[in-house]
Amino acid sequence: MEFTANQIAGLVGGAVEGNPKVAVSTFAKIEEATPDAITFLANPKYTHYIYSTRAGIVLVRRDFVAEHPVSATLIRVDDPYETLSRLLDFAAQAMNPAPTGIEQPSFVAEGVKLPDDVYVGAFAYIGRGAKIGRGVKIYPQAYVGDGVEIGDGSIIYPGAKIYHGCRIGARCIIQAGAVIGADGFGFAPTADGSYHKIPQIGIVVIEDDVEIGANTTVDRATMGCTRICRGAKLDNLIQAAHNTEIGANTVIAAQTGVAGSAKIGAQCMIGGQVGFAGHITVGDHVNIGAQSGIPGNVPSGSILMGYPAVPARDFKRQAVYVKHLADLFDRVSKLEKASQNDK
Amino acid sequence: MEFTANQIAGLVGGAVEGNPKVAVSTFAKIEEATPDAITFLANPKYTHYIYSTRAGIVLVRRDFVAEHPVSATLIRVDDPYETLSRLLDFAAQAMNPAPTGIEQPSFVAEGVKLPDDVYVGAFAYIGRGAKIGRGVKIYPQAYVGDGVEIGDGSIIYPGAKIYHGCRIGARCIIQAGAVIGADGFGFAPTADGSYHKIPQIGIVVIEDDVEIGANTTVDRATMGCTRICRGAKLDNLIQAAHNTEIGANTVIAAQTGVAGSAKIGAQCMIGGQVGFAGHITVGDHVNIGAQSGIPGNVPSGSILMGYPAVPARDFKRQAVYVKHLADLFDRVSKLEKASQNDK
Amino acid sequence: MEFTANQIAGLVGGAVEGNPKVAVSTFAKIEEATPDAITFLANPKYTHYIYSTRAGIVLVRRDFVAEHPVSATLIRVDDPYETLSRLLDFAAQAMNPAPTGIEQPSFVAEGVKLPDDVYVGAFAYIGRGAKIGRGVKIYPQAYVGDGVEIGDGSIIYPGAKIYHGCRIGARCIIQAGAVIGADGFGFAPTADGSYHKIPQIGIVVIEDDVEIGANTTVDRATMGCTRICRGAKLDNLIQAAHNTEIGANTVIAAQTGVAGSAKIGAQCMIGGQVGFAGHITVGDHVNIGAQSGIPGNVPSGSILMGYPAVPARDFKRQAVYVKHLADLFDRVSKLEKASQNDK
């Protein structure tokens, strides 16, 4: 399927600059695009590519000013990334149509009612008392334990595991290999040095519009619930321990770990490989750099980095000072010699 | 089911203080409890909640002294956390009865004998020559490779994978998505810059009473065995490389990595996201803070933190000194100026 | 099966020193070997074990000079580790013969052609339009999505998941629980603080001779492809984000994370738990120490360590300076007092 610049501009409410008849049939990154592709420019780091790109069409901001000639046709829009995203939505649905129906063999416990429009892949398991919403897609080899509830329109990708009693909201996406509701890590020491397992009788509640990345683990609560709030997005290989809470619309990059009972606020941006200590409270709109260690409470609006974390601007200065430590030791030695000589 | 304070105190050997007839039917955390719930107070950080909790009953230490009025009925016990744990055991068994029987379809290789009291979930796979103990539960989509042995009473949660020849002790718990016995990471460089895979012909031995967290990986040995000793507890997303050994009753938090051939002693407490270099030896009763990096051998009884790790008290001091480096550079500059002026 | 030192030396082109008739039937590490075992000495750290090992035969370098008496029979070869590896290859094939045939129940979509010599384990899923090469082994509970291509001789271990449209080369090994082609982590913020998911319409391309570790995740590209180049070896629990590229013969240890659109060159050696920022370029033959943080571009041939990373020799010096900071603060205080007294 081909679309002209004119057709696309009409669809997305943009203004064409260049040849309105140029047609594209695919998407590409600006530095790799071929003439049959549409691309976009959002990150200023990539601006220089617009002068050399071979793309047929480039989505740019309405206020973009070219400093050199551009051979591609431009479509000016308010937000090129968001516009591209909408175009990709159309394309994704055309390229990879959503599966439907019940593949065999699959296991659906007696008494579970499946709405007409669900997908259940082969080797998927749905336990006793599970409640499955409209349009839910449960891919092959996924596990939905006894009493699990899954809201309308959610997608459970291959091999994701949801333990008994956990609740998944509407329009959630659980990527492959994610484990929701495994036992929290709780043990009581005994007199002989061994540990007694604390039963974990709580659950995990994942609210609406949450995405959980591949092989991420969200443990069930000891009591009560571990909660991932509305709109939060968790990348791959993240650990959310028992009784943690991740606030609404908070975004967490891969391999970050949140220890038991820590609460992270809403609208935070958390980098990859960050570690949060247990039993702490992190406010809203907090921004934390990759690989940071967060040992204590964090006020709303903080921008932190480092191990242990400090305000991000201090972290960068500290790194510079540490680099010049050799020099400082030398300077102090010279002062000491001078001071000796004075006596 | 409801239980009165009097009934619970009798069951756990505690002393009631308050209304012995107050009845509860659920568990809750102290800050979230409702009047129908029993809770506990163990961590001193949470003491202030006892004056405002709505819980019907609170388990407290025998020597707890209230500094303000408490409306809940108290039950005084030696160890509130351990007591709660025992009560949770009763409740967990009542709430989520253990499954039994062989669900279909499942795959059990010819010649494998299953004791009468095992559970094998749908889509579980049990390979040739596997030996399965009494009361073992193998949940749906779990994989038990050829020749694997699993001791009495162990639980293999959904989708856990145990490669051929590995041995799991009695009363072990392997959470969902854990991978036991994948190939160790061993490659020999060749003249053309590519790598030749070293076959990994060893196994993994997991001794009795071990718990392995969700999506944790324990690699098989190149030769011999990778060993997780009796009573060790590994949290989620941990990497234990080929030929490592984790000592008895050692507890390791999530996302820690142990490189090839490292040996960690018994009764250690290891934080999350810690990294151990390969071929090192860590003694017994070692305590390591989260996100530390351990480049070399560690004597028994050490308490370490940092990257690279130092004694924990030094780590905290170092962080303070680093924070004041800007100030120190200023002070040295002033001394230098003063020294110049003296001449 | 037993083999004499003479037979083994003939097989591997080595020179026997000691009793050519001594026979072995197993492999072992030098410090654990019994008289029926062959072992090897490559790492100089282990040299002292050769004087006490109980092994029947030890593979050593041709130029090895014993400083004390050695009771084992030696076989001198060019590269003991590589020679051992070849012997292990023979043994591994004898001990754990490759499975073949199609186990039931498995799911093979209509129209998919399977070569005669493949293995498809029970509960494996092969989607519509998938292309499976000769000798491919797809273990139980593995998922091969619609349109996936797998080259000749590749092995997909139990429960590995390959999303639709991804391409795996020849002779690749995908360990259990690895997830190839889950959605990249891309979201566009909207005016109300929530995020709009960017559809991820690209794929993952894994070239020939690549190994992907257990529970490692390689995300599909937003557009275009995420690429793991020929001969690269990824350990367990690694995150390779959307649109990353890992160069040929690059080796990455466990739990490292590579953020979106980062490019790592060829022949690099990357330690465990390293973090790479997004959109950066790392050259060829780069060596990065465990737990390092790489915030920016890295020239070819660099040897880095630390957070943030610096040249490895500087990292070690910095750690020493930081250890002596308390001392430096004291020295400066003394100088200040002396300077006061002078006035």
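The values are calculated or read from the model by the stated rules, or taken from the named source; none is laboratory data. Keep in mind the model is a prediction, meaning the values are calculated, not measured. Heads up, the Cβs are rebuilt from the backbone with ideal geometry, glycines too, and the neighbour counts pull from every protein chain shown.
Here residue A:129 fulfils each of the conditions (1) of a type in the set (Gly, Ala, Ser); (2) in contact with a strand residue (DSSP E or B) (Cβ under 7 Å, 6 or more places away or on another chain); (3) at positive phi apart from (2).
Conditions tested, residue by residue: (1) in contact with a Pro (Cβ under 9 Å, 6 or more places away or on another chain); (2) more than 21 Å from residue C:12 (Cα to Cα).
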site: C:44; (1), (2): no, yes
site: C:50; (1), (2): no, no
site: C:54; (1), (2): yes, yes
site: C:58; (1), (2): yes, no
site: C:71; (1), (2): no, yes
site: C:81; (1), (2): no, no
site: C:84; (1), (2): no, no
site: C:89; (1), (2): yes, no
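Within region A:235-255, the set of residues being more than 9 Å from every other protein chain (Cβ to nearest Cβ) and without any contact (Cβ under 8 Å) to a residue 40 or more places away in the chain comprises A:240, A:244, A:245, A:246, A:247, A:250, A:252. The residues of region A:189-226 that are part of a strand (DSSP E or B), in contact with a Gly (Cβ under 8 Å, 6 or more places away or on another chain) and farther than 20 Å from residue B:91 by Cβ, listed by number, are A:206, A:217, A:218. Here is a check on your reading of the model: is residue C:301 at positive phi and in the same structural domain as residue C:253 (by TED's automatic domain parsing)? In short, yes. When the criteria are applied in full, residue A:123 meets the requirement of being in contact with a Pro (Cβ under 7 Å, 6 or more places away or on another chain) and either away from chain C (no Cβ under 12 Å) or in a loop (DSSP other than H, G, I, E, B) (or both). For region A:215-234, name all the residues that are more than 26 Å from residue B:268 (Cα to Cα) and either surrounded by fewer than 24 Cβ atoms within 10 Å (Cβ to Cβ) or acidic (Asp, Glu) (or both). Hits for region A:215-234 are A:224, A:225, A:227, A:229, A:230, A:233. Just one of (1) touching a strand residue (DSSP E or B) at 6+ places or on another chain (Cβ under 6 Å); (2) among the polar types (S, T, N, Q); (3) in a helix (DSSP H, G or I) fails for residue B:19. It is (3).
A quick yes/no check of all residues on (1) in a loop (DSSP other than H, G, I, E, B); (2) out of contact with any Phe, Trp or Tyr (no Cβ under 9 Å at 6 or more places or on another chain); (3) at pLDDT 95 or above; (4) surrounded by 14 or more Cβ atoms within 10 Å (Cβ to Cβ):
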site: B:8; (1), (2), (3), (4): no, yes, no, yes
site: B:30; (1), (2), (3), (4): yes, no, no, yes
site: B:33; (1), (2), (3), (4): yes, no, no, yes
site: B:42; (1), (2), (3), (4): yes, no, no, yes
site: B:45; (1), (2), (3), (4): no, yes, no, no
site: B:50; (1), (2), (3), (4): no, no, yes, yes
site: B:60; (1), (2), (3), (4): no, no, yes, yes
site: B:66; (1), (2), (3), (4): yes, no, no, no
site: B:74; (1), (2), (3), (4): no, no, yes, yes
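Among the listed residues B:293, B:289, identify the single one that is out of contact with any Pro (no Cβ under 6 Å at 6 or more places or on another chain), at negative phi and surrounded by 18 or more Cβ atoms within 10 Å (Cβ to Cβ). Checking each option against the conditions leaves just B:289. In the set (1) within 11 Å of another protein chain (Cβ to nearest Cβ); (2) in contact (Cβ under 8 Å) with a residue 40 or more places away in the chain, residue C:74 fails one condition alone, (1). Quick check, is residue B:50 more than 12 Å from chain A (Cβ to nearest Cβ) and among the β-branched types (Val, Ile, Thr)? For residue B:50, the condition - more than 12 Å from chain A (Cβ to nearest Cβ) and among the β-branched types (Val, Ile, Thr) - is met.
Looking only at residues in region B:301-338 that are surrounded by fewer than 16 Cβ atoms within 10 Å (Cβ to Cβ), small (Gly, Ala, Ser) and out of contact with any His (no Cβ under 6 Å at 6 or more places or on another chain), the one that is modelled with the highest pLDDT is B:333.
Of the residues examined, residue A:326 is not one that is within 8 Å of another protein chain (Cβ to nearest Cβ), part of a loop (DSSP other than H, G, I, E, B) and either closer than 30 Å to residue A:242 by Cα or out of contact with any Cys (no Cβ under 7 Å at 6 or more places or on another chain) (or both). Here region B:257-276 is the region considered, the condition is being touching a Phe, Trp or Tyr at 6+ places or on another chain (Cβ under 8 Å) and assigned to a loop (DSSP other than H, G, I, E, B), and the residue that is surrounded by the most Cβ atoms within 10 Å (Cβ to Cβ) is B:259.
Residue count for region A:145-180 under the criterion of being within 28 Å of residue B:210 (Cβ to Cβ), touching a Ser or Thr at 6+ places or on another chain (Cβ under 8 Å) and part of a loop (DSSP other than H, G, I, E, B): the result is 2.
Residue A:248 meets all of the listed conditions (1) crowded, with 24+ Cβ neighbours inside 10 Å; (2) more than 18 Å from residue A:157 (Cβ to Cβ) but one, namely (1). Restricting attention to region B:174-214, the residues being touching an Asp or Glu at 6+ places or on another chain (Cβ under 6 Å) and surrounded by fewer than 22 Cβ atoms within 10 Å (Cβ to Cβ) number 1.
Could you please let me know if residue B:79 is free of Cβ contacts under 8 Å to residues at least 60 places away in the same chain and closer than 30 Å to residue B:118 by Cβ? So residue B:79 does not fit the description; no.
The residue that is nearest to the other protein chains (Cβ to nearest Cβ), counting only those in region A:99-117 that are part of a loop (DSSP other than H, G, I, E, B), over 19 Å from residue C:145 (Cβ atoms) and in contact with a strand residue (DSSP E or B) (Cβ under 9 Å, 6 or more places away or on another chain), is A:109. Residue C:227 passes every criterion in (1) more than 27 Å from residue C:141 (Cα to Cα); (2) out of contact with any Phe, Trp or Tyr (no Cβ under 9 Å at 6 or more places or on another chain); (3) at pLDDT 95 or above apart from (1). Output the residues belonging to region C:227-237 that are of a type outside the set (Gly, Ala, Ser) and assigned to a loop (DSSP other than H, G, I, E, B). C:229, C:230, C:235, C:236, C:237 - these are the residues of region C:227-237 that are of a type outside the set (Gly, Ala, Ser) and assigned to a loop (DSSP other than H, G, I, E, B). Going by what's in this entry, would residue C:320 be described as in a helix (DSSP H, G or I) and either facing another protein chain (nearest Cβ under 7 Å) or under 38 Å from the mean Cα position of the chain (by Cα) (or both)? Judged against the criteria, residue C:320 is a match.
Considering region C:278-313 alone, what residues qualify as being more than 14 Å from chain B (Cβ to nearest Cβ) and either in contact with a helix residue (DSSP H, G or I) (Cβ under 8 Å, 6 or more places away or on another chain) or within 17 Å of residue A:320 (Cα to Cα) (or both)? Result: C:279, C:294, C:295, C:296, C:303, C:304, C:311, C:313.
Cβ separations smaller than 6 Å between residues 6+ apart or across chains give the following pairs from region B:18-34 residues that are in contact (Cβ under 8 Å) with a residue 24 or more places away in the chain to residues that are surrounded by fewer than 19 Cβ atoms within 10 Å (Cβ to Cβ) and among the acidic types (Asp, Glu): B:23/B:2; B:24/B:36; B:25/B:2; B:25/B:36.
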